[in-house]
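Everything on this sheet refers to the single structure shown next.
The values are calculated or read from the model by the stated rules, or taken from the named source; none is laboratory data. Being a predicted model, the structure only gives us computed values, none of them experimental. Here the Cβ positions follow ideal geometry from the backbone for every residue, glycine too, while neighbour counts run over all protein chains shown. Only protein heavy atoms, including side chains, enter the accessible area calculation; ligands, DNA and RNA are left aside. Shrake-Rupley method; radii C 1.70, N 1.55, O 1.52, S 1.80 Å.
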Amino acid sequence: MSTKDDGGPAYPVPGLEWSADFNGMSLRDWFAGQFLVTYLTDNVPPPEVIAGQCYAMADAMLAERAKR
(Lines give C-alpha, C1' and ligand atoms only; values in the text may rest on other atoms or scores of the structure.)
Protein backbone atom coordinates (compact mmCIF):
# COMPACT_ATOMS: atom_id res chain seq x y z
CA MET A 1 0.00 0.00 0.00
CA SER A 2 1.38 3.40 -0.95
CA THR A 3 1.02 6.46 1.22
CA LYS A 4 -0.10 9.69 -0.45
CA ASP A 5 2.29 12.60 0.00
CA ASP A 6 0.48 15.07 2.24
CA GLY A 7 3.26 17.68 2.15
CA GLY A 8 3.90 17.43 5.87
CA PRO A 9 2.34 19.64 8.52
CA ALA A 10 0.99 23.03 7.47
CA TYR A 11 1.49 24.67 10.88
CA PRO A 12 3.83 22.60 13.06
CA VAL A 13 4.59 23.74 16.59
CA PRO A 14 8.32 24.55 16.75
CA GLY A 15 10.18 22.02 18.86
CA LEU A 16 7.32 19.51 18.78
CA GLU A 17 7.46 18.47 15.10
CA TRP A 18 8.06 14.87 16.17
CA SER A 19 4.59 14.65 17.76
CA ALA A 20 1.57 14.26 15.46
CA ASP A 21 -0.57 15.81 18.22
CA PHE A 22 1.02 19.23 17.65
CA ASN A 23 1.29 19.41 13.87
CA GLY A 24 -2.24 20.42 12.92
CA MET A 25 -3.52 19.81 9.41
CA SER A 26 -1.40 18.61 6.52
CA LEU A 27 -0.29 20.94 3.77
CA ARG A 28 -2.47 18.88 1.39
CA ASP A 29 -5.54 19.60 3.53
CA TRP A 30 -4.64 23.30 3.66
CA PHE A 31 -4.19 23.49 -0.13
CA ALA A 32 -7.54 21.73 -0.65
CA GLY A 33 -9.24 24.16 1.74
CA GLN A 34 -7.79 27.13 -0.09
CA PHE A 35 -9.09 25.80 -3.41
CA LEU A 36 -12.51 25.21 -1.83
CA VAL A 37 -12.97 28.99 -1.62
CA THR A 38 -13.35 29.08 -5.42
CA TYR A 39 -16.66 27.23 -5.03
CA LEU A 40 -18.37 29.95 -3.04
CA THR A 41 -20.69 30.86 -5.91
CA ASP A 42 -24.34 30.43 -6.84
CA ASN A 43 -23.78 27.29 -8.94
CA VAL A 44 -22.33 24.89 -6.39
CA PRO A 45 -21.68 21.30 -7.58
CA PRO A 46 -22.48 18.33 -5.29
CA PRO A 47 -20.18 18.05 -2.24
CA GLU A 48 -18.48 14.86 -3.45
CA VAL A 49 -17.54 16.59 -6.71
CA ILE A 50 -16.18 19.61 -4.87
CA ALA A 51 -14.16 17.46 -2.45
CA GLY A 52 -12.65 15.40 -5.27
CA GLN A 53 -11.67 18.48 -7.24
CA CYS A 54 -10.20 20.22 -4.20
CA TYR A 55 -7.98 17.27 -3.35
CA ALA A 56 -7.03 16.78 -7.02
CA MET A 57 -5.85 20.42 -7.08
CA ALA A 58 -4.01 19.94 -3.76
CA ASP A 59 -2.26 16.84 -5.15
CA ALA A 60 -1.28 18.76 -8.30
CA MET A 61 0.12 21.59 -6.16
CA LEU A 62 2.16 19.15 -4.07
CA ALA A 63 3.48 17.44 -7.22
CA GLU A 64 4.55 20.80 -8.69
CA ARG A 65 6.09 21.81 -5.36
CA ALA A 66 8.18 18.62 -5.33
CA LYS A 67 9.70 19.56 -8.72
CA ARG A 68 11.17 22.80 -7.39
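Here the gap between Leu36 and Lys4, fully extended at 0.36 nm per residue and compared with their Cα-Cα distance, gives a gain of 9.5 nm.
In the assembled protein chains, Val37 presents an accessible area of approximately 90 Å² (probe radius 1.4 Å).
Backbone amide hydrogens, once placed in the peptide plane, bring Ser26 within less than 5 Å of Ala10, excluding anything fewer than 5 places away on its chain. The simple Förster model, with R0 at 25 Å and r as the Cβ-Cβ distance, assigns Arg65 and Asn43 a FRET efficiency of 0.25.
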